[in-house]
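Everything on this sheet refers to the single structure shown next.
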Amino acid sequence: MKDLNFDHNEEVRKEMASIVLTLNKSDIIPVVYGSLGLSFLIGDYFEIGDIDFCLPDDLFSKKWTFIKDQLMSDLGYVIDETHCQEFTGKKYFVSFDRLSKIQKRISINETLLKKETFDGAVFYNLSLLQYLDIYQKFLQNKDRWDKKSKRDLEKIDIIKQNL
């Protein structure tokens, strides 16, 4: 594994907290997932690349226009024209998805998501078993295998060590 930039990871976590605090003020508690969400469970074993959120479908439907047109803009992010639910700005990519999209890959019971707090920001996170399941499913996707299989395999090994 390459040397990690722990300062970078901490910057990403602080930016995530800033976004989540703003979401929380609008009664939105997102699910943080991907490398960032996993880092809250196992620590800094890899460099975090982006900020991934998902929202339950009903909340996504009700709040997406507000998130896209006002909230993210106020935070200095612009919609990525090539990916309609991703934003660019500052140093990070931020994406929003519907929880149902993740549930197509793995079984997630919304009532069992773990509520966490970081720097005052309240969010939900997946469990280690759910991360294991999702990264194993990622490896079945040829495009993802070609691009990220080495990192996904490293994550799977680290998750298994932490279970």
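The values are calculated or read from the model by the stated rules, or taken from the named source; none is laboratory data. The model shown is predicted, which means the values in this text are computed figures rather than measured ones. FYI the Cβ positions are ideal-geometry reconstructions off the backbone, even for glycines, and counts take in every protein chain you see.
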Point to revise | Breaking point among (1) out of contact with any strand residue (DSSP E or B) (no Cβ under 7 Å at 6 or more places or on another chain); (2) on the phi < 0 side of the Ramachandran plot, for Phe60 | key: (1)
Point to revise | Within the range 1-114, strands (runs of 3 or more DSSP E) holding 1 or more residues that are modelled with pLDDT under 90 and β-branched (Val, Ile, Thr) | key: 78-80, 83-89
Check your understanding: Do we find a residue being of a type in the set (S, T, N, Q), under 19 Å from Met16 (Cα atoms) and touching a strand residue (DSSP E or B) at 6+ places or on another chain (Cβ under 8 Å) anywhere in the range 67-75?
Key -> no
**Study point:** Residue among Asp157, Asp146 that is over 26 Å from Ile28 (Cα atoms) and either of a type outside the set (Asp, Glu) or at pLDDT below 90 (or both)
**Key:** Asp146
Review point. From the set of residues in the range 44-64 that are among the aromatic types (Phe, Trp, Tyr) and buried (at least 17 other Cβ atoms within 10 Å of the Cβ), which is farthest from Asp157 (Cα to Cα)?
Key: Phe60
Review point. For the range 110-123, does any single residue satisfy the condition of being out of contact with any Pro (no Cβ under 8 Å at 6 or more places or on another chain), surrounded by 14 or more Cβ atoms within 10 Å (Cβ to Cβ) and closer than 24 Å to Lys150 by Cα?
Key: no
